[in-house]
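**Student:** Sending over a structure as structure tokens; questions will come in a sec.
The values are calculated or read from the model by the stated rules, or taken from the named source; none is laboratory data. Note that the structure is a prediction, hence the values are computed from the model and not measured. As a convention, Cβ positions derive from the backbone with ideal geometry for all residues, glycine included, and neighbour counts pool all protein chains shown.
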Amino acid sequence: MIVFNVPPYTGKEAEYISQAVAKQKICGDGEFTKKCNQWIEQRTGTGKCLLTTSCTHATELAALLADIRPGDEVIMPSYTFVSTANAFVLRGAVPVFVDIRPDTMNIDETLIEAAITDKTRAIAPVHYAGVACEMDTIMEIARRYNLLVIEDAAQGIMATYKGRPLGAIGDFGAYSFHETKNYSMGEGGALLIHDRKYVEEAEIFREKGTNRSKFFRGQIDKYTWVNFGSSYLPSDMNAAYLWAQLETADAINAHRLELWEQYYAQLQPLQEKGLLELPTVPEGCVHNAHMFYIKTKDLQERSALLAFLKESGILAVFHYIPLHTAPAGRRFGRFHGEDRYTTAESERLARLPMFYKLTSEEVSYITGKVKEFYRL
Ligand SMILES: *Cc1c(COP(=O)(O)O)cnc(C)c1O
């Protein structure tokens with residue numbers, strides 16, 4: 001049986017966790033958390049990175065920093081995970097969904113401007129599969145209309161757009177270290193802050209509305225309640241687990257990319273015959289092999305393919321029922337313009353197994369079965 005995902009594991013995790021435990025100090029912002037933050041800051045050039053308990057929480061933190069208020073509107077794709085929308089709905093804002101591009105499944109940047117109203121406060125692009133949105137266009141629109149850009153880069157760590165790391169292009173970026181992602185701490189994430197003017201406020205929101213971070217740095221002699229806030233910092237044990245993976249990030253990334261290239265090369269003949277579609281990586285985008293997906297003719301063919309693969313011992317999956325069609329999406333948000341691709345393309349997409357421990361032999365077996373399904 002080839003499962004759909006095996007969480008990444010390097011072998012060093014337990015050792016680093018015991019180091020954290022040996023100190024008998026495993027609360028937030030310990031040594032391993034600092035290592036992870038610094039690593040992300042160095043790799044991305046962002047102004048400040050704060051490790052969080054999830055990407056969901058990192059996005060919530062971004063919504064707080066962006067001062068999103070009831071009635072505000074945030075433009076985003078409907079083809080995404082619920083957290084992209086929830087972060088803003090929790091602030092009382094309205095997610096305004098626009099259609100995606102069929103080639104990358106990312107928000108169609110050419111449709112954003114028409115969705116802007118006098119209530120629009122931010123754009124939340126999602127870099128699906130670690131392939132960048134058209135960020136030059138998005139940033140240009142945001143600057144012209146004075147909007148903030150909050151990147152959902154949950155899938156985007158180690159990927160770039162015209163040389164710039166995803167998550168570090170907009171005003172804020174959110175990474176996920178959930179165990180389904182390229183690097184894991186079980187549950188976890190990070191907020192990337194472009195402009196350091198937000199850092200002090202971010203530390204306060206993340207530390208229960210107190211200035212405890214300043215206190216720990218010795219900048220003040222007692223800490224107090226200074227604003228509303230919550231608790232968004234992970235235990236240093238979780239950060240220790242993540243550190244084992246970030247320190248080998250290049251090797252993990254290289255192996256994933258090799259598997260991705262192998263999938264692509266072996267399935268290309270099917271695309272050439274017009275039997276299925278493979279992912280597009282636009283020029284200027286370097287992806288991170290977060291996922292390998294294919295697109296079937298339609299929903300019916302996808303169901304048949306997934307069932308066939310399952311019989312062959314391969315767990316392939318699909319995801320994201322478009323948010324605007326879900327009960328909460330209908331209640332809290334609205335779709336601007338025509339749903340030309342969001343629903344139709346989401347029904348064709350199937351994700352094949354993709355994880356660090358996957359082998360080249362397994363990929364060959366999977367592509368062989370896909371070919372068998374299409375009688376090639
Ligand atoms: C995984 C994911 C999230 C949520 O990440 P968590 O760390 O589980 O909160 C948000 N958005 C997208 C696009 C994701 O893929």
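**Student:** Could you tell me whether any residue of the stretch 164-171 is of a type in the set (A, V, I, L, M), surrounded by fewer than 24 Cβ atoms within 10 Å (Cβ to Cβ) and modelled with pLDDT of 95 or more?
**Tutor:** no
**Student:** Right, something else. Of the residues VAL199, VAL131, which is surrounded by fewer than 24 Cβ atoms within 10 Å (Cβ to Cβ) and either touching a strand residue (DSSP E or B) at 6+ places or on another chain (Cβ under 6 Å) or under 30 Å from ALA350 (Cβ atoms) (or both)?
**Tutor:** VAL199
**Student:** Inside the stretch 278-322, can you point out the residues that are surrounded by 20 or more Cβ atoms within 10 Å (Cβ to Cβ) and within 26 Å of TYR183 (Cβ to Cβ)?
**Tutor:** PRO279, CYS285, HIS287, ASN288, ALA289, HIS290, MET291, PHE292, TYR293, ILE294, ILE314, ALA316
**Student:** Do you know which of the residues in the stretch 91-117 that are farther than 12 Å from TYR341 by Cα and charged (D, E, K, R) is farthest from the chain's Cα centre (by Cα)?
**Tutor:** Top of the filtered list is GLU113.
**Student:** Pick from the stretch 336-376 the residues that are β-branched (Val, Ile, Thr) and touching a residue at least 40 places away in the same chain (Cβ under 8 Å): which of them is surrounded by the most Cβ atoms within 10 Å (Cβ to Cβ)?
**Tutor:** Residue satisfying both the conditions and the ranking: THR342.
**Student:** Ok, one more. Condition (residue is within 14 Å of the ligand (Cβ to nearest atom), touching a residue at least 40 places away in the same chain (Cβ under 8 Å) and within 21 Å of THR52 (Cβ to Cβ)) applied to the stretch 99-116: is it met by at least one residue?
**Tutor:** Looking through the stretch 99-116, none of the residues is within 14 Å of the ligand (Cβ to nearest atom), touching a residue at least 40 places away in the same chain (Cβ under 8 Å) and within 21 Å of THR52 (Cβ to Cβ).
**Student:** Next question, about the same structure. For the stretch 172-190, which positions are among the hydroxyl-bearing types (Ser, Thr, Tyr) and more than 10 Å from the ligand (Cβ to nearest atom)?
**Tutor:** Of everything in the stretch 172-190, just one residue is among the hydroxyl-bearing types (Ser, Thr, Tyr) and more than 10 Å from the ligand (Cβ to nearest atom), namely TYR183.
**Student:** Let me ask you something else. Please go through the stretch 54-81 and pick out each residue that is touching a helix residue (DSSP H, G or I) at 6+ places or on another chain (Cβ under 7 Å), near the ligand (Cβ under 8 Å from one of its atoms) and closer than 14 Å to GLY329 by Cα.
**Tutor:** Of everything in the stretch 54-81, just one residue is touching a helix residue (DSSP H, G or I) at 6+ places or on another chain (Cβ under 7 Å), near the ligand (Cβ under 8 Å from one of its atoms) and closer than 14 Å to GLY329 by Cα, namely THR80.
**Student:** Let me ask something else about it. Give me the residue from the stretch 118-141 that is in a loop (DSSP other than H, G, I, E, B) and either within 16 Å of the ligand (Cβ to nearest atom) or of a type in the set (Lys, Arg) (or both) and, out of that set, nearest to the chain's Cα centre (by Cα).
**Tutor:** HIS127
**Student:** Within the stretch 191-206, which residues are closer than 12 Å to LEU61 by Cβ and either in contact (Cβ under 8 Å) with a residue 60 or more places away in the chain or within 15 Å of the ligand (Cβ to nearest atom) (or both)?
**Tutor:** LEU191, LEU192, ILE193, TYR198, VAL199, GLU201, ALA202, GLU203, PHE205, ARG206
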